[in-house]
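The values are calculated or read from the model by the stated rules, or taken from the named source; none is laboratory data. Predicted, not measured: the structure shown is a model, and the values here were computed from it. Ideal geometry is used to build each Cβ from the backbone, glycine not excepted, and the neighbour counts take in all protein chains shown. Surface areas here come from the heavy atoms of the whole protein model, side chains and all, with no ligands, DNA or RNA. Shrake-Rupley method; radii C 1.70, N 1.55, O 1.52, S 1.80 Å.
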There are 2 protein chains.
Amino acid sequence: MRPEFKYEKEIAGTANARNRKQEQYRKIVSFLYETGNASIAEIVKHSKISQPLVASLVDDLLGFGVLLDNGIGESIGGRRPNLYCINPAYQYVVGVDINLHTLTIALFDLSNQLIRREEYKNFDLENSSAYTDKLVGKINDVLNEKNISTSQVLAMGLSIPGLIDAKNGVSFTHLTFAEQGLGNYLSEKLGFSVVLDNDARMMALGEKAFGKAKGKKDVLCLNLSNRIGLGIILNEQLYSGKNGFAGEFGHILIDPEGEQCYCGKIGCLETLTSGEILVRNVNEGIEKGQASFLRQAKDEGKSIDLREVVAAINNGDQFAIDQLNKMSDYLGKGLVTLIHLLNPEMIIIGGRLAQTGKYIVDPVRMALNKYAMDRISSETEVVCSDLIDDAALMGTLSNVMKEVLRIS
Amino acid sequence: MRPEFKYEKEIAGTANARNRKQEQYRKIVSFLYETGNASIAEIVKHSKISQPLVASLVDDLLGFGVLLDNGIGESIGGRRPNLYCINPAYQYVVGVDINLHTLTIALFDLSNQLIRREEYKNFDLENSSAYTDKLVGKINDVLNEKNISTSQVLAMGLSIPGLIDAKNGVSFTHLTFAEQGLGNYLSEKLGFSVVLDNDARMMALGEKAFGKAKGKKDVLCLNLSNRIGLGIILNEQLYSGKNGFAGEFGHILIDPEGEQCYCGKIGCLETLTSGEILVRNVNEGIEKGQASFLRQAKDEGKSIDLREVVAAINNGDQFAIDQLNKMSDYLGKGLVTLIHLLNPEMIIIGGRLAQTGKYIVDPVRMALNKYAMDRISSETEVVCSDLIDDAALMGTLSNVMKEVLRIS
DNA sequence: TCATCTTTTAAAATATTTTTTAAAAGTATT
DNA sequence: AATACTTTTAAAAAATATTTTAAAAGATGA
């Protein structure tokens with residue numbers, strides 16, 4: 001059950017004519033979604049539909065309640081134009097971000113406003129209908145609370161870790177129990193379409209639509225938390241590879257003489273760079289007597305996790321910063337390979353480690369200076385995400401809009 | 001001067017209507033180019049233009065001489081359909097492949113038939129108008145010989161090594177003297193449009209349109225000759241990166257403890273794998289007394305180059321094969337990185353070393369088994385190109401058709 | 001072998017879209 | 001404040017495409 005943009009009930013005429021009209025409606029709505037606000041004349045220019053026809057289509061959409069009159073704009077030398085915008089409350093989009101231990105549900109209106117955001121910690125992911133039942137319950141709670149019926153939901157976007165066949169809405173790693181595929185399964189339970197994809201890719205989409213990748217053509221989005229994920233945007237599009245396996249950046253070869261990775265191979269990037277490795281190295285150092293802010297917690301028998309290490313770094317803990325620097329050098333080596341192969345405009349660092357800001361960006365940049373061909377690497381910006389924890393969630397919204405409105 | 005698909009003289013009406021008609025003509029011609037042969041009914045199905053209109057447009061195109069009646073097709077249960085095809089001799093495409101020491105000029109008709117192919121050895125590339133004057137002369141010779149006027153040339157495609165801004169037709173590495181950009185410069189001299197791009201990318205386009213990448217979505221095309229080039233097809237499209245630098249596969253890091261590369265960095269793939277390295281290693285071995293078919297030539301004071309090494313390998317020379325095996329292992333390591341990042345459907349080995357066939361494919365596959373995650377690498381086929389020396393040339397044809405007919 | 005069913009093409013009727021023309025509502029300038 | 005100039009919108013006229021209907025040509029099966 002893929003989402004569609006349709007007003008079938010309202011339109012008469014033959015099949016072909018209806019389709020054409022639908023396409024014209026979609027063009028107009030999608031343009032208004034992107035610009036927020038436009039006059040008839042601007043729509044004409046963009047849509048290449050004639051002015052009288054645009055006027056009549058906009059009229060229809062006003063009648064349906066899809067569009068709103070948005071006052072009168074500034075003139076540039078003549079009659080002041082009437083402006084139109086999408087009715088933000090005409091429909092809503094549900095965004096769901098499933099993580100191993102945390103569930104986040106968001107509700108967006110058609111002006112991309114976050115109406116509601118609910119985060120459920122210790123909502124442990126398990127492969128059972130019990131889990132999806134709870135999930136569906138939580139989603140319905142959010143909708144009920146805002147008094148939104150299923151027919152008012154344009155579609156739901158879902159971000160989930162692991163292997164995904166996005167086209168058919170099938171998850172191979174988690175929630176695999178549903179025979180018809182996770183997307184269809186949830187869709188049936190919920191009563192509206194569900195669009196899903198892998199978390200790293202959703203983060204990339206989020207950055208492309210609402211973050212620092214906006215307007216960029218070729219961007220790589222790193223998800224640096226306990227492990228390493230990579231979402232790839234090439235030629236303005238999300239790239240997934242033949243089977244949706246693209247982006248296994250954590251398992252490219254960095255050190256042929258290195259340790260064995262959990263994947264079985266020797267010297268993968270993830271044996272040298274990841275939140276887990278950082279935490280391990282910090283713990284080992286402290287056990288060996290290294291001075292650090294984290295010593296006290298350790299002495300109290302608390303286990304130190306990534307959250308604490310990041311906090312220590314941001315508090316200027318020299319030892320933790322040293323460990324991050326070491327790690328970032330390897331990360332830089334890995335990124336050099338990406339840059340040489342893909343010549344991206346920008347690399348965005350996201351995930352928990354992005355919260356260290358300059359503490360990770362600066363050593364990565366240093367590593368690029370050292371290991372990359374300058375001609376190529378000087379074309380690539382390296383920045384931290386500013387979407388904090390919401391990149392994937394925003395990505396689900398963008399994914400829904402892409403499907404429904406076929407935004408570029 | 002970008003190529004356009006136009007029959008302006010023949011069409012009346014207002015600007016907008018003319019444009020629409022042009023677009024409809026283009027749709028039909030492009031469909032016939034791809035299928036070779038189709039009935040009105042098939043065009044209707046594909047173009048989503050109504051049957052009476054398609055009939056009238058095809059009529060126009062027959063009148064212009066663009067299309068030909070191609071007899072009557074097989075019925076599938078009713079009246080036998082009239083078939084139409086592009087008039088192969090309506091226009092021609094010139095394809096030019098510039099290499100450092102060799103120039104190849106080809107002439108194609110609109111059915112992709114190679115009408116003429118001229119190869120000029122020792123046609124050394126130099127950055128001067130003298131070179132382009134000679135080039136233009138050779139092209140005109142070929143056209144004159146076949147009695148083809150400039151107006152009968154749809155456009156010319158050009159493949160050239162080095163850095164290229166394909167969009168604006170500017171070459172940054174070779175033939176940089178022309179102020180208006182190489183494409184425009186040649187265009188003015190020749191009297192028809194010129195479309196140009198980098199040689200590795202043209203090889204990839206050639207494979208996509210006419211070689212083993214046909215119908216595939218994500219394919220990597222290696223150009224293995226003296227150096228290493230990589231042409232990348234992702235989501236069915238050629239990928240160039242932000243500045244057209246994408247595909248610097250030869251300079252990804254393989255061995256942090258390795259030799260210094262000519263690019264300045266340590267341990268690049270090209271310090272371990274390339275035609276040059278293979279030739280060097282073979283020569284060194286023979287100097288040290290290694291038995292080989294190549295010993296005789298060496299003793300006679302002839303310098304052994306890549307062509308000879310490839311021949312020796314194909315004759316079963318054990319030493320040369322050993323050296324190739326060693327090299328292929330490194331190449332495999334590099335390809336693992338590509339596979340993990342991009343999850344391609346297929347990797348095509350082209351260039352001079354592709355002529356060793358199984359001698360290179362088998363050890364590369366072995367290396368993939370060893371170094372790559374099976375789940376991902378088992379999805380990727382590794383094959384040798386079967387376009388021999390013409391991949392880039394065929395790519396220029398495809399590039400022209402892409403520009404003019406906007407083939408998928 | 002004839003009647004029925006398909007598919008393809010053509011022509012007439014209908015519907016839609018665009019172009020043209022003009023009016024309305026502003027701005028800028030003298 | 002009046003005039004000239006723009007831009008935006010609306011309505012009528014013209015052009016264009018689509019649907020419907022029908023005819024032509026061949027396939028299939030009793």
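Extension gain for A:Glu300-A:Asn147 works out to 50.3 nm (0.36 nm per residue, less the C-alpha to C-alpha distance).
Sites listed here are GluC sites (Glu not before Pro) in segment B:62-144 whose DSSP assignment is loop and whose Cβ has at most 14 other Cβ atoms within 10 Å: B:Glu74, B:Glu126. Please report the spacing between the Cα centers of segment A:15-91 and segment B:231-294 in Å, no decimals. First find each Cα centre; the distance between them is then 55 Å. Counting heavy atoms of the protein chains alone, A:Ile376 has an accessible area of about 0 Å² for a 1.4 Å probe. Of all beta bridges that DSSP places with both ends in chain A, some 60 percent have antiparallel geometry.
The mean sequence distance of close C-alpha pairs (under 8 Å, at least 6 residues apart), as a share of the length of segment B:179-336, puts its relative contact order at 15 percent.
Size descriptors for chain B (Cα atoms only): Rg and Dmax, in that order, 23.9, 80 Å.
Here chain B exposes an accessible surface that is 46 percent carbon and sulfur, computed with a 1.4 Å probe and the other protein chains kept in place. Ligands, DNA and RNA are left out, and with a 1.4 angstrom probe the accessible area of segment B:264-393 is 41 Å² per residue.
The accessible-area ordering, largest first, of the residues A:Tyr330, B:Tyr33 stands as A:Tyr330, B:Tyr33, per a 1.4 angstrom probe. Paramagnetic label reach from B:Glu4 (point 7 Å along Cα→Cβ; backbone nitrogen cut-off under 20 Å): within segment B:183-199, residues B:183-196.
To the nearest 10 Å², what's A:Ser151's accessible area with a 1.4 Å probe? Rounded to the nearest 10, that gives 90 Å². In terms of distances greater than 27 angstrom between alpha carbons, the cross-link table entries B:Lys216/B:Lys333; A:Lys121/A:Lys265; A:Lys6/B:Lys21; A:Lys333/B:Lys326; B:Lys167/B:Lys214 yield A:Lys121/A:Lys265; A:Lys6/B:Lys21. Between A:Ile286, A:Ile348, A:Ile72, the residue with the greatest mean-square fluctuation in the GNM of chain A (Cα pairs under 10 Å linked by springs) is A:Ile72.
Axis angle, to the nearest 10 degrees, between helix B:318-342 and the longest C-alpha principal axis of chain B: 50 degrees.
Rounded, prolate or oblate, given the Cα gyration tensor of segment B:334-408, with a/c below 1.5 counting as rounded? It is oblate, given that a/c is not under 1.5 and a/b is not larger than b/c.
Extending 7 Å from Cα along the Cβ direction at A:Val136 and again at B:Tyr120 yields two label points whose distance is 7.3 nm.
Sites listed here are chymotrypsin sites (Phe, Trp or Tyr not before Pro) in segment A:115-205 whose DSSP assignment is loop and whose Cβ has at most 15 other Cβ atoms within 10 Å: A:Phe172, A:Phe177.
Here the spin labels are modelled as points 7 Å beyond Cα on the Cα-Cβ line, and at B:Ala291 and B:Phe177 they lie 5.4 nm apart. Across q = 0.14 Å⁻¹, segment A:214-386 modelled as identical point scatterers on its alpha-carbon atoms has Debye log10 I(q)/I(0) values of -0.74, in the order of the q list.
At an R0 of 51 angstrom, the distance between the Cβ atoms of A:Asp69 and B:Asn37 translates into a FRET efficiency of 0.45. Taking the longest Cα principal axis of chain B as reference, the axis of helix B:358-371 is set at about 80 degrees.
Once each of the trypsin sites (Lys or Arg not before Pro) sitting in a DSSP loop with at most 10 other beta-carbon atoms within 10 Å is removed, chain B keeps B:289-408 as its longest stretch. With a 1.4 angstrom probe, the accessible area lost at the B-A interface totals about 3800 Å². On a per residue basis, segment B:8-86 carries 58 Å² of accessible surface, using protein heavy atoms and a 1.4 Å probe. For segment B:213-250, a drop of 50 Å² or more in accessible area on going from the chain alone to the assembled protein chains (1.4 Å probe) is found at B:Asn235, B:Tyr239, B:Lys242, B:Phe245, B:Glu248. Note on B:Glu257 and A:Asn19: with the Förster distance fixed at 60 Å, the Cβ-Cβ geometry gives a FRET efficiency of about 0.45. For segment A:8-86, a/c is not less than 1.5, where a ≥ b ≥ c are the root eigenvalues of the C-alpha gyration tensor, and a/b tops b/c. That puts it in the prolate class. Give the shape of the protein assembly as shown as rounded, prolate or oblate, defined through the alpha-carbon gyration tensor: a ≥ b ≥ c are the square roots of its eigenvalues, a/c under 1.5 means rounded, and otherwise the shape is prolate if a/b is larger than b/c and oblate if not. Verdict is oblate for the protein assembly as shown. With Cα atoms defining each centre, segment A:179-207 and segment A:311-344 are spaced 32 Å apart in the structure. In this structure, the amide hydrogen of B:Gly95, modeled 1.01 Å from its nitrogen in the peptide plane, lies closer than 5 angstrom to those of B:Ala106, B:Leu107, B:Phe108, B:Gly157, counting only residues at least 5 positions away or on a different chain.
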